[in-house]
Amino acid sequence: MTEQQLTKADILAKRLQNRINREQDGEGTGADTSAGQGRAEPTSPAQLEKRPEKRVKFQAYVLESVQNEARAIVYWTNNREGGHASLTGLAEAALQREIERMREQFNNGQPFPPMPEGRSLPTRPPIG
């Protein structure tokens, strides 16, 4: 074996040992923060319930002034109580508040049903 192959094997062995140690310590099997580390699958119903929801890319067109203000808000509040550490956090919180408002207004507070199969939203940016 070459030195490079041994190094890869050592890295994989270390990752496996870390995963085993986390499971024994009762920390579950969440994703390791090491680069290139995959996510282990939960092994119990309790771990399935605690598994964080996957984040997905969400793209939308907003006014430049809205984007600028949002970026400034994150910059000035990221280390303060009630602030947001990222644009993602700010956008997700704002969307969640609006989703809850619209559930109340249009659907008796209940989640909306999923979109029908094969349907999609318009992808063109707004005019103007």
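Each residue in region 49-90 was checked for being β-branched (Val, Ile, Thr) and either on the phi > 0 side of the Ramachandran plot or open to solvent by 100 Å² or more (accessible area, probe 1.4 Å) (or both), and 1 of them qualify.
Within region 112-128, residues that are at pLDDT below 85 sit with their Cβ atoms under 7 Å from residues that are not aliphatic (A, V, I, L, M), at 6+ positions apart or across chains, in these pairs: PRO125/TYR61; PRO126/TYR61. Tell me yes or no: at least one residue of region 52-60 is part of a loop (DSSP other than H, G, I, E, B) and either among the aliphatic types (A, V, I, L, M) or at pLDDT 95 or above (or both). Checked region 52-60: at least one residue is part of a loop (DSSP other than H, G, I, E, B) and either among the aliphatic types (A, V, I, L, M) or at pLDDT 95 or above (or both). In this structure, does ALA93 turn out to be open to solvent by less than 80 Å² (accessible area, probe 1.4 Å) and within 19 Å of the chain's Cα centre (by Cα)? So ALA93 passes the test.
Of the residues making up region 69-128, those that are of a type in the set (D, E, K, R) and not in a helix (DSSP H, G or I) are ARG80, GLU81, GLU117, ARG119, ARG124.
The values are calculated or read from the model by the stated rules, or taken from the named source; none is laboratory data. What you are looking at is a predicted structure, and each value in this text was computed from that prediction instead of being measured. Using ideal geometry, Cβ is built from the backbone for each residue, glycine included, and neighbour counts are taken over all protein chains shown. All accessible areas refer to the heavy atoms of the entire protein, side chains included, with ligands and DNA or RNA removed. Shrake-Rupley method; radii C 1.70, N 1.55, O 1.52, S 1.80 Å.
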